[in-house]
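Scroll down for the structure; my scribbles are underneath it.
The values are calculated or read from the model by the stated rules, or taken from the named source; none is laboratory data. For clarity, every value in this text was computed on a predicted model and none was experimentally measured. In this analysis, Cβ positions are derived from the backbone assuming ideal geometry, glycine residues included, and neighbour counts consider all displayed protein chains. Ligands, DNA and RNA are stripped out before the accessible areas are found, and what is left, the full protein with its side chains, is counted by its heavy atoms. Shrake-Rupley method; radii C 1.70, N 1.55, O 1.52, S 1.80 Å.
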Amino acid sequence: RVEPAWTKVREQINKARPFLPPGASAPDLRRQHIGADTLIAAFSVDQDGLDAFPILSRLARDLQQHFQIMQGTKETKVYGAVEEEIRVEANQDMLAALGLDTAALARIIAAADAKAPAGRVRSAAHNLSMEIAGAFDGVSRIRAIPVRSGPHGSVTRVGDIATVSKGIRSPEPSRAYRNGRRVVLVSAFATPNQRVDLWTKEAMDIIRKTRASLPPGIHLDVVFKQEGYVSKRLTGLAINLLFSALIVFVITLLTMGWRAALIVGTALPLTVMMLLASYKFMGATLHQMSVTGIVIALGLLIDTAIVMVDEYELMRRRGAGPQEAIAKAMKHLFAPLLASTLTTIFAFAPIALMPGGAGEFIGMMGVSVIVAVASSFILSMTLIPAFAAWFDYEPEPDAPHSAWRQGLAFPVLARGYRRVLDFIIAHPVAGIAASALMPLAGFVAASTLPMQFFPPTDRDMFQLKLTMDAGSSIDLTSTRAEQIRRLIAREPGVRDVVWVIGSAAPKVYYNVFSSSSVSPNLGTGFVRTV
């Protein structure tokens, strides 16, 4: 599994730390989360230019802090924020007249910003450090730094020999664009054990409060919400369960009667509820792979219930009482149903036990199927026989066939099926050969099909990646990204085109890994359609 591997990596790093050369920085081990960001918001401004972007960057960091203190937030990031800096442009002639150079002036300015420790204040409850004030708090403070003292008390300050101004660091390490306009993005990723809908509701309340306090001309928009896609998946699961239960009920009603239909129909929702309770007990989460496992298991959950109900009714027709019929049915079917259940469990065990990143990604699909079929077997050995006895009726040996009680009868099909069984019993080799034809045909057909682990997605988004030559500047990369955006925007139905230049963009797909490297020749992003 992945967790023990990370533990081993940390142990090796800790062992190597004492052997690092003097002056080497401490090892930095970072683990990138697997999954899409839960929410992505964008700050934008009406006016062109970068004058307002220091304000946008501060607002984005404030929103990031609000997301960080939310319960259930695992990680937050800001993309496209600018870094403010104070430039000191010295007059070289005046520096030379003072006997200084640029490096010496830089040391003087750095020394003026030093926070010298002044001791500690200790009490019974606190142990506080004290520092001498003197940190830079504005441009005027830097202009007032003394550089050289002259005779008669004269002082030459930084502002006398240099121009001090506040601006934006250029070139920027990264940029973010939405539909061709510069923005600052804020992304947040909820913890895996957090309900996305509840977390998103709280996050949207914070966004509404932040939006209400923004000055005129500054906007805060939500460009991506994972909650909508998760709700769609869960709604699809609920619809699949509903239709599955309905189909099971109708088919069982037509073939076995209304009592068997009610009993077998309860097996599906009860099994799913046991599966979800097992998730809670195991600390597992309901996500894409676990939902896929539930959908796969839907066709396997009712087989044991149908067999058990049919066996119980057979025993009742042979004259056994309700308790005797339950005992005989369970004794006769326990071993066969257990064997069929274990066969399915062992078939999906390699997926559930798959090591490495692939196992962490798709392992829950196998776990879902295993827990589902095991739950179905437990129900078939406990509640299903009890329900059969609860809905029991006294069979009448000479009573005419009732489709409402016993299902529809097809004498022609029954006679044909009986002849096939008699032939197979009389010629077992022919029966074995015939039963092997279908699997062999399936293997032959599978070899002609294209191999793909996941089907193509019909999501209203797709990702973008741009890689320029290694020596490309961030300006050139931004220009190429804008050309690509204009080309994409010509297509009908395009709602948003988001680019992040110089670093990885927020993740909108759970199974797409993005590099965390920072380089001006890289551009990543995503497109949203209608």
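Helical runs assigned H by DSSP (4 residues or longer) give the chain a calculated mean residue ellipticity at 222 nm of -17000 deg cm²/dmol, each run adding -39500 (n - 2.57) before division by the residue total.
What does the charge count around ALA188 come to, taking other residues whose C-beta lies under 14 Å from its C-beta (Lys +1, Arg +1, Asp -1, Glu -1)? Display every interim value, and only then the final one.
Working: positive: ARG61, LYS74, LYS77, LYS201, LYS225, LYS507; negative: ASP37, ASP62, GLU75, GLU202, ASP205, GLU227.
That sum, taken over residues with Cβ under 14 Å, equals 0.
Accessible area per residue for the chain is 59 Å², calculated with a 1.4 Å probe on protein heavy atoms, without ligands, DNA or RNA.
With every protein chain kept in the model, how would you rank TYR312, TYR393 by accessible area, 1.4 Å probe, largest at the top? Spell out each step's value before the answer.
Numbers: TYR312 10, TYR393 55 Å².
Largest accessible area first, the list is TYR393, TYR312.
May I ask you to derive the FRET efficiency for ASP205 and VAL121 from their Cβ-Cβ distance with R0 = 51 Å, giving the value to the nearest 0.05? Intermediate values should be presented prior to the final figure.
Values: r = 40 Å, r/R0 = 0.79.
The computed FRET efficiency comes out at 0.80.
LYS331 to ILE168: extension gain in nm, 0.36 nm per residue of separation minus the Cα-Cα distance?
Going from the current span to full extension adds 50.7 nm.
Residue separation times 0.36 nm, minus the C-alpha to C-alpha distance between LEU342 and ASP28: what's the value? Present the calculation step by step, with values, prior to reporting the outcome.
Values: separation 314, 0.36 × 314 = 113.04 nm, distance 4.57 nm.
That pair, LEU342 and ASP28, stretches by 108.5 nm at full extension.
Between ALA349 and LEU487, what is the label-to-label distance in nm when each label sits 7 Å out along the Cα-to-Cβ direction? Distance between the two pseudo-spin positions: 5.2 nm.
Counting Lys +1, Arg +1, Asp -1, Glu -1, what net charge surrounds ILE474 among other residues with beta carbon under 9 Å of its beta carbon? Write down the numbers at each step before the final one.
Numbers: positive: ARG175; negative: GLU172, ASP475.
For residues surrounding ILE474, the net value is -1.
Within the straight-line cut-off of under 19 Å between alpha carbons, the lysines reachable from LYS201 are LYS74, LYS209, LYS225, LYS232, sequence neighbours fewer than 8 places apart in one chain being disregarded.
Where in segment 275-291 does the amide nitrogen come within less than 18 Å of the point 7 Å from the Cα of ARG195, taken along Cα to Cβ? Counting only backbone N, you get 275-288, 291.
Checking a compactness column here: for segment 305-398, what do you get for Rg(Cα) / (2.2 N^0.38 Å), N being the number of residues? Could you put the intermediate results ahead of the total?
Details: Rg = 17.7 Å, N = 94, 2.2 N^0.38 = 12.4 Å.
Normalised Cα radius of gyration, segment 305-398: 1.43.
Compared with the direct C-alpha span, the chain from ALA106 to GLN323 gains 68.7 nm at full extension, assuming 0.36 nm per residue.
Measuring only protein heavy atoms, the 1.4 Å probe finds ILE345 accessible over about 30 Å².
When all protein chains stay in place and ligands, DNA and RNA are ignored, the 1.4 Å accessible-area order of GLU482, GLU172, largest first, is GLU482, GLU172.
For segment 428-507, the set of chymotrypsin sites (Phe, Trp or Tyr not before Pro) satisfying both a DSSP loop assignment and a count of at most 13 other C-beta atoms within 10 Å is given as PHE453. Counting only heavy atoms of the protein chains and using a 1.4 Å probe, LYS77 has close to 90 Å² of accessible surface.
Name the helices (complete DSSP H segments) of the chain with a Cα length along the long axis of 18 Å or more and a Kyte-Doolittle mean of at least -1.0, or state none.
Values: long enough: 2-16 (21 Å, -0.87); 53-68 (22 Å, -0.33); 196-212 (24 Å, -0.42); 226-256 (44 Å, 1.26); 258-282 (36 Å, 1.31); 303-317 (21 Å, -0.18); 322-352 (41 Å, 0.89); 356-380 (36 Å, 1.61); 411-426 (22 Å, 0.69); 428-446 (28 Å, 1.74); 474-489 (22 Å, -0.09).
Within the chain the helices that satisfy the rule are 2-16, 53-68, 196-212, 226-256, 258-282, 303-317, 322-352, 356-380, 411-426, 428-446, 474-489.
Taking all protein chains as they are arranged and a probe of 1.4 Å, the heavy atoms of ILE378 leave approximately 90 Å² accessible to solvent. The share of accessible area on the chain that comes from carbon and sulfur is 62 percent, using a 1.4 angstrom probe.
Shown here: log10 I(q)/I(0) by the Debye sum over Cα atoms at q = 0.10, 0.11, 0.13 Å⁻¹, derived from the displayed model; of the candidates [x] -0.90, -1.04, -1.31; [y] -0.93, -1.01, -1.16; [z] -1.05, -1.16, -1.38, it corresponds to [z].
The modelled label-to-label distance for the pair ILE86/ASP62, using points 7 Å beyond Cα in the direction of Cβ, is 2.3 nm. Between MET438 and ASP93, the modelled label-to-label distance comes to 9.8 nm, taking each label 7 Å out from Cα in the direction of the beta carbon.
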